[in-house]
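One structure is given here, and the rest of the page talks about it.
Coordinate-derived values only; no laboratory data. This one's a predicted model, so the numbers in the text were calculated from it and none came from an experiment. No Cβ is skipped: glycine too gets one built from the backbone with ideal geometry, and neighbour counts run over all protein chains shown.
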Ligand SMILES: [Zn+2]
């Protein structure tokens, strides 16, 4: 494990061709002053409050040159422990995809494998400028890896139990995990809980989990309104999820008019959860979400790749819901590049609406930063370059042939750099975690070792498949 890095002792001024505060217009030849892990000033480089001091003075100067400096990206939905499954589950329908994923995670991946996968996932996040991740996990491995590597995040520990008779046992296990893991919370990384989804969680378990979240002030996330099969399950007690549960001897009946109505009836919306996906929602659902103050993470690429459709992002925003962007796992994406999510969000909404400006680049970039921060309840700490907020910063270089000219840096980030930009500098709470695409300090060796073991694990999975188990 890498030791906690000391925060820079001297205030440092980072300057770049472009600074994007997000909450204010882009600044050409801008700068950000960081002191003790906090942003203390943002503005034009020429107006920086550093007097005549140079690098030898009270303030260290770090010019980033041809680059855009912005708040660290917020990936509001990941499954870091599934990094080993990138490209492994191609071509399955959703139920088979989920069944195989669950089987592999349960039977083939050891706890150490899951930690390795999480470290490699975090390295990918940092390379792509992501400083905060909201992860749902069945193992807590991502919490360990996030703490080790000094990123900011929430790890929502999952709970399952489709049979109401399992509720007590599921809650007992969840409470034990909360007790064990909560003590490990840090100023950057905290745990939450996640009742998985309506087809894996009974109404009784949803109610009990919501009660725990309320009593213990735990953040909560839930996969919801993702597939047509889920809607049939909730509304009609029918479809593939219902058949599978009936085959296990679990009774299934219609529960509510929609997945969101089910969460409302179970008291889940009252604890203002992060709603993952929310593709199949109508205006009545969105009004319930907005009234409750619940939030949404939009995962355009995962939603498309699994054939689940295009979520009504424009309606979410019209209802005033806080929305962030998420990559979901690389088992359904297969990248973790949040600028790519921003680009796909704009393209899909243009296709859906027939309007080229239905979601512009500035809005998409706001969702990837400020929106994600708001969706995770962290808007007072991160998401914009604002004095007083934590110095979670990302710089992307602009110095290559394909990136110029830059008329509007938001357009360049969302439409030019999406999917291929590698950050030149990433810091979390003022501590540099990545330089020129490479994680810093002892974390580099940690990630290299994990990547080597992950490659061996992947060979094991291939062998398992060759033997005809999948
Ligand atoms: Zn997910």
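See the values below:
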| quantity | calculated |
| --- | --- |
| Cα shape, region 127-185, gyration tensor, a/c 1.5 rule | prolate |
| Nearest 10 degrees, 0 to 90: helix 167-182 Cα axis against the chain principal axis | 20 degrees |
| Gyration tensor (alpha-carbon) shape descriptor, region 74-229, a/c threshold 1.5 | oblate |
| Translational diffusion of region 248-369, µm² s⁻¹ [Kirkwood Rh, Cα pairs; Stokes-Einstein; 20 °C; 1.002 mPa s] | 141 µm²/s |
| Sites residue 284 and residue 379, calculated FRET efficiency, Cβ-Cβ separation with R0 35 Å, nearest 0.05 | 0.85 |
| Gain upon complete extension [residue 386, residue 169; 0.36 nm per residue less C-alpha separation] | 73.6 nm |
| Residue list for region 208-245, given a label point 7 angstrom along the Cα-to-Cβ vector of residue 179 and an amide N cut-off under 20 Å | 208-219 |
| Label point distance in nm, residue 347-residue 46, each placed 7 Å from Cα along Cα→Cβ | 4.0 nm |
| Proxy reagent accessibility, fewest Cβ within 10 Å first, across 302, 118 | 302, 118 |
| Fewest-first ranking of 77, 298, using other Cβ atoms within 10 Å as the exposure measure | 77, 298 |
| Angle between the chain longest axis and helix 443-466 axis [Cα atoms, degrees, rounded to 10] | 30 degrees |
| Residue-span extension gain [residue 444 to residue 456] - 0.36 nm each, minus C-alpha spacing | 2.4 nm |
| Helix axis angle, 111-127 relative to the chain longest principal axis, alpha carbon, degrees | 40 degrees |
| Rounded, prolate or oblate (a/c below 1.5 giving rounded, otherwise prolate when a/b exceeds b/c) for region 253-301 by Cα gyration tensor | oblate |
| FRET efficiency, 1/(1 + (r/R0)^6) with R0 45 Å, evaluated for residue 253 and residue 465 via beta carbons | 0.75 |
| Linear extension gain, residue 420 paired with residue 401, 0.36 nm per residue minus alpha-carbon span | 5.5 nm |
| Efficiency of FRET between residue 315 and residue 187 - r from beta-carbon atoms, R0 22 angstrom, step 0.05 | 0.05 |
| For a label point 7 Å along the Cα-to-beta-carbon line of residue 215, residues of region 138-176 with backbone N under 11 Å | 172, 175 |
| Per-residue Cβ neighbour rank within 10 angstrom, fewest leading, 325, 205 | 205, 325 |
| Between region 300-324 and region 176-250, the alpha-carbon center distance in angstrom | 20 Å |
| Surface/4 of the Cα convex hull for the chain, nm² | 21.9 nm² |
| Taking the chain and dividing mean pair separation by its residue count, relative contact order in percent (alpha carbons under 8 Å, at least six apart) | 21 percent |
